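Read through the structure below, which is laid out as structure tokens, and then see the notes.
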Amino acid sequence: MAPTKISKVSSVSKSSVSKHVAPGVGAPSQLAQSSRKGKKAWRKNIDIQPVEQGLESLRSEERVIGSTLQKQTDDQLFVVDTKGDDKVRKSLPRFSKAELTSTKILSQRSAIPAVFSRSTKDSIPSRSKVSRADKERLLRIAKRPRKGPFNAIMDHTEFGAGSALIDVSAAVKHSGSYDPWTAEEVEEVADGLEHTKKPKIKRPELSHPRDVIEVPAVLEPHQGSSYNPPAAAHDELITEACRVERRRQEEADRLAEVRRKVADARALATNVTEGLPLGMTLDEIPQDDGEPVAQHDAVVPKKPSARKTKQQRAKALRLREEKQALAEKAARKKMLATITMAKSLRSTAEKVGQQQNQARLARQLALKMKLRKGLAGQRLGKYKVPENEIEVQIGEDLSENLRTLKPEGNLFRDRFRSMQQRALIEPRVPVFPTKRAKLKEFEKHAWKRFE
């Protein structure tokens, strides 16, 4: 009886163990169940231990070599050793009874990087970083509080700091990046049986004035502009300044004369009398009190044109034909006379062509020599490139030493004018606002009472 009891106990314990045993990896599963009527009970009654074991074997392979063996190529897995290596034995780990099992496990380094408790630069996944300008723009759109200088919260209702996209456009951001003269790859476009190609634009070879100008960035000042100049150099500089000022005055007088003529022409155009040509005026005739003024309003009848007869029209036609024949005869006679002069005419035409070519080359050379001195005084576009101002003092204003010297000129204006003369920037003039704020005068309270 005892053996039978032992067998029963063992069978019961075996069934209970097999029913409630937990798999090696993963959640526990109930494998022994009599009924699977409901769909909810199907998933927990499925045995997934083989799947878990296969996944665990793949994970162990990844921990050792970094990836699964299925993804490795034959060259990575196998190698043909034809020579051998004497250092293999030295590199192999030695067997030691005293070595602990934990030490053996730790000595097997994994190919997967370790997980750190705090985030490092390498552990953070690569993601697109938002720039400071984009972050401020997004905060401005969402009307979120933004910190400005000294950690002060900026007001989004302020002009330029609201929800509007106060930013440059995409065209401004990409301006200057497109070059129409760069050689682009031309793709063939098939249209039926015909193949068309995009035509290439040839870059024009034009010379820039900047390549010809030989003016230095900083000009050496004249000797007469010194605080203690020589007498001859000072007189020469004063004469040059006087000549420049006289030329400016003549140009101003000429411009004033042109403006006066234009004003007179406008005034004359407003006083136009009907029936009279432009510029003519009609004098008033004094009227006597006793004699009546004769009226000259009678209309003179026009003489009707007489119709020509047939004989008159034929005569006029015959005269026109005779004149035309005489003109053709004279032109033919002139042409026959010039045949003998063909050689002289050819030589004359060649000489005229050579002279014109020489004149053209002389003009180009003169323009090039003029460009070497800069663009001062020339008109480029809408404005004129300013000339250098002659800074000179008269004899009474000259200072004998540096202690009483007064600074003159403006370095910024000189540099700006020099860049314009060397064709580095285009000529500009200062633009002032047309409407200016009016000044409001008021008296303070302390000055309202006069005692």
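The values are calculated or read from the model by the stated rules, or taken from the named source; none is laboratory data. Keep in mind that what you see is a predicted model, and the values were worked out from it rather than measured. All Cβ positions, glycine included, derive from the backbone under ideal geometry; neighbour counts span all protein chains shown.
Among 214, 205, which is outside the structural domain of residue 146 (by TED's automatic domain parsing), in a loop (DSSP other than H, G, I, E, B), in contact with a helix residue (DSSP H, G or I) (Cβ under 6 Å, 6 or more places away or on another chain) and at pLDDT 65 or above? After ruling out the rest, the residue left standing is 214.
Among helices (runs of 4 or more DSSP H) lying entirely in the range 9-124, which contain 2 or more residues that are at pLDDT 75 or above and surrounded by 10 or more Cβ atoms within 10 Å (Cβ to Cβ)?
Numbers: elements: 49-65, 74-77, 88-91, 101-107.
Of the helices (runs of 4 or more DSSP H) lying wholly inside the range 9-124, those with at least 2 residues that are at pLDDT 75 or above and surrounded by 10 or more Cβ atoms within 10 Å (Cβ to Cβ) span 49-65, 101-107.
Take the conditions surrounded by 10 or more Cβ atoms within 10 Å (Cβ to Cβ) and of a type in the set (A, V, I, L, M) and apply them to residue 317. Does it pass?
Working: surrounded by 10 or more Cβ atoms within 10 Å (Cβ to Cβ): yes; of a type in the set (A, V, I, L, M): yes.
Yes: the conditions hold for residue 317.
For the range 413-451, the tally of residues that are surrounded by fewer than 10 Cβ atoms within 10 Å (Cβ to Cβ) and either over 24 Å from the mean Cα position of the chain (by Cα) or at pLDDT below 75 (or both) stands at 20. State yes or no: is residue 246 modelled with pLDDT of 90 or more and either under 30 Å from residue 367 (Cβ atoms) or exposed (fewer than 10 other Cβ atoms within 10 Å of the Cβ) (or both)? Judged against the criteria, residue 246 is a match. In the range 142-164, the count of residues that are in contact with a helix residue (DSSP H, G or I) (Cβ under 6 Å, 6 or more places away or on another chain) and either at pLDDT below 70 or closer than 30 Å to residue 201 by Cβ (or both) is one or more. Checking the stated criteria, residue 349 turns out not to satisfy the condition of being outside any helix (DSSP H, G or I), aliphatic (A, V, I, L, M) and surrounded by 10 or more Cβ atoms within 10 Å (Cβ to Cβ). Residues in the range 216-248 that are without any contact (Cβ under 8 Å) to a residue 60 or more places away in the chain, among the charged types (D, E, K, R) and farther than 17 Å from residue 397 by Cβ: 220, 236, 243, 246, 247, 248.
Checked against the criterion of being assigned to a helix (DSSP H, G or I) and within 30 Å of residue 423 (Cβ to Cβ), the candidates 354, 312, 324, 358 yield just one match: 358.
If the requirement is being surrounded by 10 or more Cβ atoms within 10 Å (Cβ to Cβ), out of contact with any Cys (no Cβ under 6 Å at 6 or more places or on another chain) and not aromatic (Phe, Trp, Tyr), which of these qualifies: 390, 394? Step by step, each of 390, 394 is checked, and only 390 is surrounded by 10 or more Cβ atoms within 10 Å (Cβ to Cβ), out of contact with any Cys (no Cβ under 6 Å at 6 or more places or on another chain) and not aromatic (Phe, Trp, Tyr).
When each of 342, 366 is tested for being free of Cβ contacts under 8 Å to residues at least 24 places away in the same chain and surrounded by fewer than 10 Cβ atoms within 10 Å (Cβ to Cβ), the lone residue that passes is 342.
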